[in-house]
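Okay, so here's the structure we're looking at.
The values are calculated or read from the model by the stated rules, or taken from the named source; none is laboratory data. Since we're looking at a predicted model, the values are computed, not measured. Here the Cβ positions follow ideal geometry from the backbone for every residue, glycine too, while neighbour counts run over all protein chains shown.
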Amino acid sequence: MLITIPHVLTADQIAHARRTLASAEWVDGRVTAGHQSAQAKDNLQVPEGHPAAMEIGDMILTALGQNSLFISAALPMKVFPPLFNSYGGGQSFGTHVDNAIRHVKGSSHRVRSDLSATLFLTPPEDYDGGDLIIEDTYGIHKAKLPLGHMVVYPSSSLHRVEPVTRGRRVSSFFWIQSMVRSDAQRTLLFDLDNATQRVNRDMPSNPAAVQLTGIYHNLLRQWAEV
Ligand code: NI
């Protein structure tokens, strides 16, 4: 499942993030790439653990913790501390698959990447190119989202970032370990949650509302790791 989460951050939070990141130190993005992806990767990143990345990353994680669409779609168990990348002057990231296990630098924490997320911190009119292209079993999807919107997609998919030929594209990116490892099961739960909420809203007195809620939680009990 590929899903767009709109308005993850407020306008004030985006402005603060852009200011803070503009004054941060940026290094070659290959520092967090695996062996295969290092050959495909050409961008800049704020180093992991940099105070600017920690501060803005915490702001993003706090916002996501209150975002019901994100929680319903991702069923997050662990979220990797957000990282930040920047593409300009023709830079791109060729086709790759994200590493399955990510170690949080300076700690013993590990996150299995079930889902990958990109949060767009530059308005699309400020740069040319830079589309995130995601290939899954349903074909090829393009994401170039409005400022402050985020795309979440299976980490198992092949994906790439097309060359940025004008301006500079700054984004946050990170990985999510879901309580439900299987994309198919997670997608079913998300669909069921949406249908249940609709029944609860439109027919709150119908016994099916309670029944659907029960089925959702009983499936989650079957499938979730906590
Ligand atoms: Ni990737």
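Scanning the range 107-143 for residues that are more than 16 Å from the ligand (Cβ to nearest atom) and either aliphatic (A, V, I, L, M) or in contact (Cβ under 8 Å) with a residue 24 or more places away in the chain (or both) yields a count of 8.
What about G129, is it surrounded by 15 or more Cβ atoms within 10 Å (Cβ to Cβ), more than 14 Å from the chain's Cα centre (by Cα), on the phi > 0 side of the Ramachandran plot and at pLDDT 95 or above? So G129 passes the test. Would it be correct to say that G106 is surrounded by fewer than 16 Cβ atoms within 10 Å (Cβ to Cβ) and small (G, A, S)? Taking the combined requirement at face value, the residue satisfies it. Can you confirm whether S155 is more than 14 Å from the chain's Cα centre (by Cα), surrounded by 15 or more Cβ atoms within 10 Å (Cβ to Cβ) and within 16 Å of the ligand (Cβ to nearest atom)? Against the criterion (more than 14 Å from the chain's Cα centre (by Cα), surrounded by 15 or more Cβ atoms within 10 Å (Cβ to Cβ) and within 16 Å of the ligand (Cβ to nearest atom)), S155 does not qualify. For F70, the conditions (1) away from the ligand (no atom under 16 Å from the Cβ); (2) farther than 30 Å from D191 by Cβ are fulfilled apart from (2).
For beta carbons closer than 7 Å, sequence separation of 6+ or different chains, a first residue in the range 1-25 that is more than 27 Å from H159 (Cα to Cα) and a second that is assigned to a helix (DSSP H, G or I) and acidic (D, E), the qualifying pairs are T20/E55. Assuming G89 fulfils every condition listed in (1) under 21 Å from G129 (Cα atoms); (2) within 16 Å of the ligand (Cβ to nearest atom) apart from one, which condition is it? Checking G89 against (1) under 21 Å from G129 (Cα atoms); (2) within 16 Å of the ligand (Cβ to nearest atom), the one that fails is (2).
Here L147 does not fit the description of being crowded, with 17+ Cβ neighbours inside 10 Å and either within 16 Å of the ligand (Cβ to nearest atom) or under 15 Å from L2 (Cα atoms) (or both). Of all residue pairs spaced 6 or more apart or on separate chains, those with beta-carbon atoms under 7 Å, a first member in the range 92-106 that is touching a residue at least 40 places away in the same chain (Cβ under 8 Å) and a second member that is hydroxyl-bearing (S, T, Y) and within 12 Å of the ligand (Cβ to nearest atom) are H96/S37; V97/S156; D98/S113; D98/S116; D98/S155; N99/S113; A100/S113; R102/S113. A Cβ distance below 8 Å, combined with a sequence gap of six or more or placement on separate chains, defines the contacts here; from the range 30-45, residues that are over 10 Å from F93 (Cβ atoms) reach residues that are loosely packed, with under 15 Cβ neighbours inside 10 Å and of a type in the set (V, I, T) in the pairs L44/V27; Q45/V27; Q45/V31.
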